[in-house]
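Read-outs: derived from the displayed coordinates by stated rules, not from any lab. Being a predicted model, the structure only gives us computed values, none of them experimental. Note that each Cβ is placed from the backbone with ideal geometry, even for glycine, and that neighbours are counted across all protein chains shown.
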Amino acid sequence: MNLIDGKRIALEILDSLALRVERFPRKIGLAFLLVGNNPASLAYVRMKKKACAQIGIHSIVQEFAADTSQETLLREIDALNRDPHIDGILVQLPLPSHMDTLAVTRSILPEKDVDGFHPVNLGKLLLGEESGFPPCTPKGIQLLLEKTAPVEGKHVVIVGRSNIVGKPLAALLVQKKKGANATVTLAHSQSNHLAEITRSADVLVAAIGQPRFIQKEMVRPGAVVIDVGINRIDERLVGDVDFDAVAPIASWITPVPGGVGPMTIAMLMQNTVEGAYRRG
Ligand SMILES: NC(=O)c1ccc[n+]([C@@H]2O[C@H](COP(=O)([O-])OP(=O)(O)OC[C@H]3O[C@@H](n4cnc5c(N)ncnc54)[C@H](OP(=O)(O)O)[C@@H]3O)[C@@H](O)[C@H]2O)c1
């Protein structure tokens, strides 16, 4: 078994981004909007802000009470859309249930949507156009695979069809391009014979949100296993894969933490720097 060291690969990316930030003629700015006090969301924003500081991006965090109206949030996004010092806008999800996530996501200018969740950016991803922003977690997974176990011609099985991980990852990996050209199966909670499907994978991606869901019997010996899951159990972070059981039979596997998570943050930084260079 070989460990895919997402932390090390992410650090290398951040180092090269720091040079691009330094060379850019003005300060690059990223705004975080945080609604409510979900502890996981607070932790994610803290980590993303730290990465900004590490590479020299100026970041601001706007915090809103959980009962803030959607109208207030949209007004703030509108102001940030027009702010010339802001290159990227990130609304930390999930939003409280009284807000319409898609309406909020759509209100961000596609050119500043560094999370890559705006329908315009998702459409460009589907069409294989490079001018949009790819969503950070799928792009991070694709890079990890490119650097360790290329997927060209391989059967990739993704378990989980969310709009932020499973679906965009499938769209990325089926493109007729370098780093893609995979045969992709997208499975979910309604898939029949799931273990049979996962056992047919050369590369198995788990994005389910259920701790240790992928058991050894579901994995073909020699497969590459990417664990996207972040589940908190007694203050510990656990993935969607039963790491101890699956690692001995996998050829490559990502740990949790230290696998996909750091790559997600590195890709957010990459999108922000790229956005600034495009805006000039
Ligand atoms: N590392 C990172 O940077 C990062 C980024 C994003 C998310 N995550 C983590 O990744 C995990 C998934 O996130 P998400 O936002 O994609 O989750 P999500 O929106 O809750 O989607 C979960 C997906 O898993 C499927 N699923 C649930 N139970 C299943 C079962 N028993 N068998 C087969 N499929 C099942 C669901 O199927 P249905 O569609 O049929 O309901 C759904 O498609 C979470 O642990 C999250 O914290 C990590």
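Numbers at a glance
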{"read-out": "Long-range HN-HN contacts of Ile214 with modeled amide H, under 5 Å", "value": "Val241, Asp242"}
{"read-out": "Under-5 Å amide H pairs with Leu33, H placed in peptide plane, nonlocal only", "value": "Gln62, Leu90, Val91, Gln92"}
{"read-out": "Spatial separation of Cα centroids for the stretch 105-180 and the stretch 240-280, in angstrom", "value": "13"}
{"read-out": "Cα lying deepest toward the dipole's positive end in the chain, options Leu145, Val104, Ile230, charges on Cβ", "value": "Leu145"}
{"read-out": "Exposure proxy order (Cβ contacts within 10 Å, fewest to most) of Leu34, Leu144, Leu102, Leu42", "value": "Leu102, Leu42, Leu34, Leu144"}
{"read-out": "Approximate spin-label separation Val120-His85, in nm, with each point projected 7 Å along Cα-to-Cβ", "value": "2.4"}
{"read-out": "Bridge type composition, the stretch 136-261 - antiparallel percent by DSSP, nearest 5", "value": "15"}
{"read-out": "Ordering of 265-277, 110-122 by burial proxy (mean other Cβ atoms within 10 Å per residue, highest first)", "value": "265-277, 110-122"}
{"read-out": "Cα-centre dipole for the chain with unit charges at Cβ (Lys and Arg positive, Asp and Glu negative), debye to 20", "value": "560"}
{"read-out": "Sorted by Cβ neighbour density within 10 Å, fewest at the top, the residues Arg82, Arg278", "value": "Arg82, Arg278"}
{"read-out": "Residue-averaged [θ]222 nm for the chain, counting only DSSP H segments that reach four residues, each worth -39500 (n - 2.57)", "value": "-12500 deg cm²/dmol"}
{"read-out": "Arg8 paired with Lys49, simple spin-label distance in nm, labels 7 Å along Cα-to-beta-carbon", "value": "3.1"}
{"read-out": "Sequence-distant lysines (8 or more away, or on other chains) whose Cα lies within less than 16 Å of Lys176", "value": "Lys124, Lys139, Lys154"}
{"read-out": "Cα-centre dipole for the stretch 178-232 with unit charges at Cβ (Lys and Arg positive, Asp and Glu negative), debye to 20", "value": "140"}
{"read-out": "Stokes-Einstein D in µm²/s, Kirkwood radius over Cα pairs - the chain at 25 °C with 0.890 mPa s viscosity", "value": "127"}
{"read-out": "Additional length obtainable on full extension of the chain from Glu196 to Arg278, 0.36 nm per residue less Cα span", "value": "25.0 nm"}
{"read-out": "Antiparallel DSSP beta bridges within the chain, as percent of all bridges there, nearest 5", "value": "10"}
{"read-out": "Rg/Rg_globular for the stretch 86-224, with Rg_globular taken as 2.2 N^0.38 Å and Rg from C-alpha atoms", "value": "1.11"}
{"read-out": "Label-point separation, Leu127 to Glu63 (7 Å along Cα→Cβ), nm", "value": "4.1"}
{"read-out": "Gain on full stretching of the segment that runs from Ile249 to Glu152 - 0.36 nm per residue minus C-alpha separation", "value": "32.7 nm"}
